[in-house]
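Chemist: Below is the structure I would like to discuss, written out as structure tokens.
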Amino acid sequence: MSNNELNTSNYHEFLAPLIGKNVTVYRGGPESKTGRLIDVQSDYLTLLVENQQEVSVIYYCLYHVQSISENAKINSIQRRKSSGNEIQGNVVQSLHFHGLLEELVNSYIKVNQGGPEAKQGKIVDITDDYIVLLTEDDGVVFYNIHHIKSIGVQISNEVEGSEVEGDVANKENELHEAEKITEVDEIVSYVHAQNFRYLFNELTNTWVSINRGGPEAIEGILVPGAGDYYTLVNSDEVIRLNPNHIKSISCGPKGVFKQSEKQSNETSQMEDTQQNGKMKNGENKGEVKSEKKDEKKDEKKGEMKGEKKGEMKGEKKGEKKGEKKDEKKKEDKEK
């Protein structure tokens with residue numbers, strides 16, 4: 001057994017007594033969360049977070065975890081057993097962190113709990129050392145697994161009596177975002193590579209965005225460099241990169257996917273408006289035509305009535321004239 005494997009095994013045994021207790025992972029910062037430790041595996045731990053804002057499971061990669069603290073006073077307080085069995089039914093388990101990510105493919109997750117690299121989206125694929133995350137604003141983002149600190153998954157179970165209007169609105173927004181991502185999942189294409197280094201070969205001579213935020217977030221055209229290094233060209237700036245230190249990469253400028261989606265939605269709305277306008281014009285034309293037809297019918301009816309009246313009048317006049325002539329003839333004969 002190597003020293004690294006021995007240290008991992010010892011760390012696992014060191015954390016095992018904390019299972020079932022309330023702990024705080026990280027003492028501060030964006031990754032810090034307090035919850036109930038429900039599982040410890042070879043290279044990750046599972047934390048159940050229950051509060052008024054969320055009920056979620058966070059899987060922390062132990063490689064990045066700097067501290068785990070417990071409040072011995074709070075943990076010593078006797079309390080009723082919570083309905084954790086129902087919640088734990090939604091918890092994913094694997095022997096190692098990479099296997100956990102494989103189990104979460106096609107799930108809506110949050111990479112990291114805060115900081116510049118935090119991103120929500122759907123895991124659509126996983127390779128040897130990176131995941132493919134479909135996001136709403138940047139489209140497909142490739143995350144280096146080595147730099148992923150945690151994975152958060154919101155579960156359906158809710159804390160009783162904890163929902164308020166703001167919480168419901170937040171959940172509805174997250175569900176809406178997840179639905180939108182699911183809708184575009186089938187129409188988004190992306191490059192495939194065996195590992196993160198080969199991915200850079202596939203993305204050469206392409207405009208890429210390196211990292212999601214922070215001082216090391218840059219954009220430009222990726223070109224091959226000497227050995228295993230790469231160069232990023234942006235205007236008059238030339239930046240030399242080591243792929244091992246890059247946390248995430250995506251094609252195109254950041255936020256361009258959301259902008260293109262917005263433009264396409266606006267275009268489709270304009271087309272629908274135009275189509276509706278044409279239909280309305282057609283309906284108006286149809287109404288005008290029908291009105292004209294009705295007018296013509298009325299005119300014909302009037303003509304027909306006039307003709308009939310004229311015929312009837314002529315017939316009556318002729319009859320009267322004939323009767324007068326007959327009367328005259330009779331008078332003449334009598335004379």
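The values are calculated or read from the model by the stated rules, or taken from the named source; none is laboratory data. These numbers come from a predicted model, not from an experiment. Here Cβ is always computed from backbone atoms with ideal geometry, including for glycine, and neighbour counts include all displayed protein chains. In case anyone asks, the SASA skips ligands and DNA or RNA and just uses the protein heavy atoms, side chains included. Shrake-Rupley method; radii C 1.70, N 1.55, O 1.52, S 1.80 Å.
Chemist: Give the ranking of K149, K122 by solvent-accessible surface, highest area first, calculated with a 1.4 Å probe.
Modeler: Output order, biggest surface exposure first: K149, K122.
Chemist: Label points 7 Å out from Cα along the Cβ direction at S94 and Y190: separation in nm?
Modeler: Here the answer is 1.5 nm between the modelled labels.
Chemist: Additional query: Considering only C-alpha atoms, what is the centroid distance from the stretch 37-58 to the stretch 202-256, in Å?
Modeler: With the stretch 37-58 and the stretch 202-256 each reduced to a Cα centre, they are spaced 34 Å.
Chemist: I218: accessible area at probe 1.4 Å, nearest 10 Å²?
Modeler: I218 has an accessible surface of roughly 40 Å² with all protein chains in place.
Chemist: List the residues, sorted by chain then number, that are 5 or more residues from T206 or on another chain and whose placed amide H is less than 5 Å from its amide H.
Modeler: Under 5 Å from the amide H of T206: L222.
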